Amino acid sequence: MRAILAENGGILRDVNSPTIQSSDDVLVAIKAAAVCRTDLYALDGTIPVPSQRIIGHEATGRITAVGTEAKQWRPGDRVALNPYLGDAGFLGLEADGAFADEIVIAASQLLKLPDEVSYPIGTFIEPVAAGMAILDENIGIPRADSILVYGDGRIAALTGALLRDGGYSDVEISLNPNRSVDAVIETAGVSGDYSAVIKALRPGGKLVLKSRDPAEIELPLLDLVKKEIRVVGAYLGNFAKAVEFVHRHANYLSSLVDMSWRIENFQQAFRAARESEDKKVVFRLNDDF
Ligand SMILES: [Zn+2]
């Protein structure tokens with residue numbers, strides 16, 4: 001089968017197709033796989049991965065075979081992948097991922113893709129689940145709070161949509177904040193200037209760190225302390241709720257995706273993903289069945 005390996009900043013190879021190893025494994029023919037920042041970091045070495053690792057983790061597909069204990073699934077089922085593998089790490093980094101024609105994965109890592117959600121739109125389930133962490137009670141932003149989503153492009157837009165859907169009405173998306181807010185959701189990673197963010201927070205306000213940039217960001221400590229800013233990280237929300245959100249907002253999400261890519265054109269695809277985060281770059285695979 002075809003697969004994109006991390007080697008040399010990304011290379012397309014013919015590799016052996018995976019086979020079911022354990023009784024609760026499932027074989028999935030990948031139908032759509034989206035490029036995310038994590039993949040680009042794995043390709044440029046910012047996140048170290050073995051050179052022969054198949055990368056990619058935001059994916060949907062159709063089941064083609066199931067192990068004897070994977071009784072909840074059948075061949076033909078439409079699924080999305082949950083790439084958080086617990087002790088085994090993260091799909092496409094610590095285990096072979098989804099930029100490939102096929103993948104073998106534990107049955108418990110699959111989510112049913114609703115019939116009305118296309119394969120390319122289903123690739124939003126993982127980033128939506130990640131984004132939904134900001135709605136969690138332990139993040140603790142009251143619904144009446146004013147919120148600045150610090151960032152631009154697709155990820156900031158999606159974060160804003162998640163907040164509005166979650167019951168927040170005073171939400172602004174900007175890289176140049178010019179008012180004082182109760183909470184800031186950071187989605188910009190190292191490209192941000194955090195003195196502007198701290199300035200935009202009211203005294204006692206909350207800074208929610210959301211991007212998973214492996215590099216370090218500079219925070220103006222004195223301003224943080226003087227204003228008694230609370231800093232909290234938001235990692236992962238609920239996958240079932242993410243499926244439901246993607247189902248309800250499939251139309252909106254289709255405006256954030258470029259689903260025209262073939263795996264053969266992976267170099268141009270990665271370049272496009274690096275150049276602009278406006279639209280999610282999605283590979284289409286196994287269109288033939
Ligand atoms: Zn991702």
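The values are calculated or read from the model by the stated rules, or taken from the named source; none is laboratory data. All figures in this text were calculated on a predicted structure; none of them were measured in a lab. Every residue, glycine as well, gets a Cβ built from its backbone with ideal geometry; the counts of neighbours run over all protein chains shown.
Quick notes
- The residue that is surrounded by the most Cβ atoms within 10 Å (Cβ to Cβ), among those in the range 171-202 that are closer than 18 Å to MET132 by Cβ and touching a residue at least 40 places away in the same chain (Cβ under 8 Å), is ILE185.
- Number of residues in the range 124-158 that are touching a Lys or Arg at 6+ places or on another chain (Cβ under 7 Å) and within 15 Å of the ligand (Cβ to nearest atom): the value is 2.
- Within the range 242-260, the presence of at least one residue that is in a loop (DSSP other than H, G, I, E, B), over 23 Å from VAL49 (Cβ atoms) and without any contact (Cβ under 8 Å) to a residue 40 or more places away in the chain is confirmed.
- Condition met for TYR168 (surrounded by 17 or more Cβ atoms within 10 Å (Cβ to Cβ), closer than 17 Å to GLY233 by Cα, in contact with a strand residue (DSSP E or B) (Cβ under 7 Å, 6 or more places away or on another chain) and not aliphatic (A, V, I, L, M)): no
- For ARG53, the requirement of being within 16 Å of the ligand (Cβ to nearest atom), crowded, with 17+ Cβ neighbours inside 10 Å and of a type in the set (Lys, Arg) is met.
- Failed condition for ALA161, given (1) in contact with a Phe, Trp or Tyr (Cβ under 9 Å, 6 or more places away or on another chain); (2) modelled with pLDDT under 90; (3) among the small types (Gly, Ala, Ser): (2)
- Considered as a group, the residues in the range 1-50 that are part of a helix (DSSP H, G or I) and within 17 Å of PRO214 (Cα to Cα) include one that is nearest to the ligand (Cβ to nearest atom), and that residue is THR38.
- Tally of residues being within 17 Å of the chain's Cα centre (by Cα) and among the acidic types (Asp, Glu) across the range 148-167: 1
- Residue match in the range 59-75 (condition: at pLDDT below 95 and within 16 Å of the ligand (Cβ to nearest atom)): no
- Qualifying residue in the range 138-147 (condition: buried (at least 17 other Cβ atoms within 10 Å of the Cβ), over 16 Å from the mean Cα position of the chain (by Cα) and over 27 Å from LEU209 (Cβ atoms)): no
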